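The values are calculated or read from the model by the stated rules, or taken from the named source; none is laboratory data. Keep in mind that what you see is a predicted model, and the values were worked out from it rather than measured. Glycine gets a Cβ as well: all are built from the backbone with ideal geometry, and neighbour counts include every protein chain shown. What goes into the accessible areas is simple: the full protein's heavy atoms, side chains included, and nothing from ligands, DNA or RNA. Shrake-Rupley method; radii C 1.70, N 1.55, O 1.52, S 1.80 Å.
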Amino acid sequence: AQSVTQPDIHITVSEGASLELRCNYSYGATPYLFWYVQSPGQGLQLLLKYFSGDTLVQGIKGFEAEFKRSQSSFNLRKPSVHWSDAAEYFCAVASALFTGGGNKLTFGTGTQLKVEL
Amino acid sequence: GAVVSQHPSWVICKSGTSVKIECRSLDFQATTMFWYRQFPKQSLMLMATSNEGSKATYEQGVEKDKFLINHASLTLSTLTVTSAHPEDSSFYICSAADRKRETQYFGPGTRLLVL
């Protein structure tokens, strides 16, 4: 069964500092990997996704993530954090075969990001 | 990205009543939609997978008679919480699978409070 681990429950960074949120997955085949962001009381917004190809993927809002198969990781990064980035971040994995119109996502427990001004 | 709406955004109801939540994909057709439940400061828990024109598939431990799901069209799925009780109070989020983009897009969520 697939699983996702986000080791950091809370992270605090200063505005303008760089950010890295960790994500480790467990899946036997090639995974589909996602990062979503959730603001308080809101649904989830897709930041970026990795299916295949270039292991460094660019997303919205200046975020990027790097897929490292050898480490089973898909860490999210941003070079300079803005106060508006404060939110909950979820890493998710789906099985590689996207059939039938949908695939189950398995979510990590999330990382709460706090940005200090 | 694709847009998914949910209605209502929040609802307060009395114990014993039923509540219907709608999930719509606004700019794409979704043969599959998902319903999640999220408790405060926790991750999303998948409740069921809703397939257009067929019965929903429920995750283990989710009562199908309690949480009725209907996916009558390619853009609409509904979740009905029947005979709601205070323990059903939660944040319910739907997602719709966009096959072209091979991605799930999420609705803004519905906060349910059962008194």
Q. Which residues, counting only those in segment B:19-39, are part of a loop (DSSP other than H, G, I, E, B), open to solvent by 20 Å² or more (accessible area, probe 1.4 Å) and in contact with a strand residue (DSSP E or B) (Cβ under 8 Å, 6 or more places away or on another chain)?
A. B:LEU26, B:PHE28, B:THR31, B:PHE39
**Q.** Only listed residue being more than 15 Å from the chain's Cα centre (by Cα) and either more than 14 Å from A:VAL93 (Cα to Cα) or open to solvent by 40 Å² or more (accessible area, probe 1.4 Å) (or both), chosen from A:SER18, A:SER39, A:SER3
**A.** A:SER18
**Q.** Residue check, A:LEU21 hydrophobic (A, V, I, L, M, F, W, C) and out of contact with any Asp or Glu (no Cβ under 9 Å at 6 or more places or on another chain)
**A.** no
(Q) The conditions are (1) within 13 Å of chain B (Cβ to nearest Cβ); (2) open to solvent by 60 Å² or more (accessible area, probe 1.4 Å); (3) of a type in the set (Ser, Thr, Tyr), and A:SER70 fails exactly one of them. Which is it? (A) (1)
Q. What do you reckon, is B:MET47 in contact with a His (Cβ under 7 Å, 6 or more places away or on another chain), buried (at least 20 other Cβ atoms within 10 Å of the Cβ) and not aromatic (Phe, Trp, Tyr)?
A. no
Q) Out of curiosity, is B:ILE12 open to solvent by 20 Å² or more (accessible area, probe 1.4 Å), assigned to a strand (DSSP E or B) and of a type outside the set (S, T, N, Q)? A) yes
Q.
Let me spell it out: the conditions are (1) surrounded by fewer than 20 Cβ atoms within 10 Å (Cβ to Cβ); (2) modelled with pLDDT of 95 or more; (3) of a type in the set (A, V, I, L, M); (4) within 20 Å of B:TYR105 (Cα to Cα), and A:ALA96 meets all of them except one. Which number is the exception?
A. (2)
Q: Inspect all residues belonging to segment B:18-29 and state whether any of them is under 23 Å from A:PRO40 (Cβ atoms) and either facing another protein chain (nearest Cβ under 9 Å) or over 13 Å from the mean Cα position of the chain (by Cα) (or both).
A: no
Q) In segment B:75-99, what residues are in a loop (DSSP other than H, G, I, E, B) and at pLDDT 90 or above? A) B:THR75, B:THR82, B:SER83, B:ALA84, B:HIS85, B:SER89
Q.
Of the conditions (1) of a type outside the set (Val, Ile, Thr); (2) free of Cβ contacts under 8 Å to residues at least 40 places away in the same chain; (3) within 9 Å of another protein chain (Cβ to nearest Cβ), A:LEU56 satisfies every one except a single condition; which number is it?
A. (3)
Q | Out of B:SER15, B:SER73, B:SER50, B:SER54, sole residue that is facing another protein chain (nearest Cβ under 10 Å) and small (Gly, Ala, Ser) | A | B:SER50
Q.
With open to solvent by 10 Å² or more (accessible area, probe 1.4 Å) and among the β-branched types (Val, Ile, Thr) as the only criterion, which of B:THR57, B:THR103 stands out?
A. B:THR57
Q. All but one of (1) within 13 Å of chain A (Cβ to nearest Cβ); (2) in contact with a His (Cβ under 9 Å, 6 or more places away or on another chain) hold for B:THR78; which doesn't?
A. (1)
(Q) Among the residues of segment A:52-65, what is the count of those that are among the charged types (D, E, K, R) and open to solvent by 50 Å² or more (accessible area, probe 1.4 Å)? (A) 2
